[in-house]
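One structure is given here, and the rest of the page talks about it.
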Amino acid sequence: MSTTHTHVIGGPPNVAWEEVHESEDFQELRGRLRRFIFPVTALFLAWYLLYVVVADYAHEFMSTKLFGNITVGLVFGLLQFASTFVITWLYMRYANRRLDPIAEKIRADVERESA
């Protein structure tokens, strides 16, 4: 792969982006991101699939009234929204602690090299 200096729109000029991409810090950043994203995505998709399957095959269970007109299906559906907010909060927390420090280091290195 060439290590030519190319300009990235919005990025500093004269930076060898291939070298940045192949750096140990960048690889660590990608690994940390993947260690969060892949399992959480799989869990969320399994949780959503469970909702769809139960809604399709367990009509009686989903229509069970918990109180008033509130059914298991309604609560299950609302929990889908709640889980989205929980995942967002967990990602923000993870990114602030585990991703942002290394991303800031990479940014500082790139800016220092391009100066």
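Points worth noting:
- Considering the range 4-36, and only residues there that are among the β-branched types (Val, Ile, Thr) and exposed (fewer than 11 other Cβ atoms within 10 Å of the Cβ), the residue that is modelled with the highest pLDDT turns out to be Ile9.
- Being within 19 Å of the chain's Cα centre (by Cα), within 30 Å of Arg112 (Cα to Cα), among the acidic types (Asp, Glu) and in a helix (DSSP H, G or I) is a property that does not hold for Glu18.
- In the range 95-113, the condition of being more than 22 Å from the chain's Cα centre (by Cα) and without any contact (Cβ under 8 Å) to a residue 24 or more places away in the chain is met by at least one residue.
- Checklist (1) more than 30 Å from His21 (Cβ to Cβ); (2) surrounded by fewer than 13 Cβ atoms within 10 Å (Cβ to Cβ); (3) of a type in the set (Ser, Thr, Tyr) applied to Thr88, failing item: (1)
- If you go through the range 50-74 and keep only what is part of a helix (DSSP H, G or I) and surrounded by 13 or more Cβ atoms within 10 Å (Cβ to Cβ), you end up with Tyr51, Val54, Ala55, Phe61, Met62, Val72, Gly73, Leu74.
The values are calculated or read from the model by the stated rules, or taken from the named source; none is laboratory data. Here the structure is a predicted model, which is why all the values come from computation and not from measurement. Quick reminder, even Gly has a Cβ in these numbers, built from the backbone with ideal geometry, and neighbours come from all protein chains shown.
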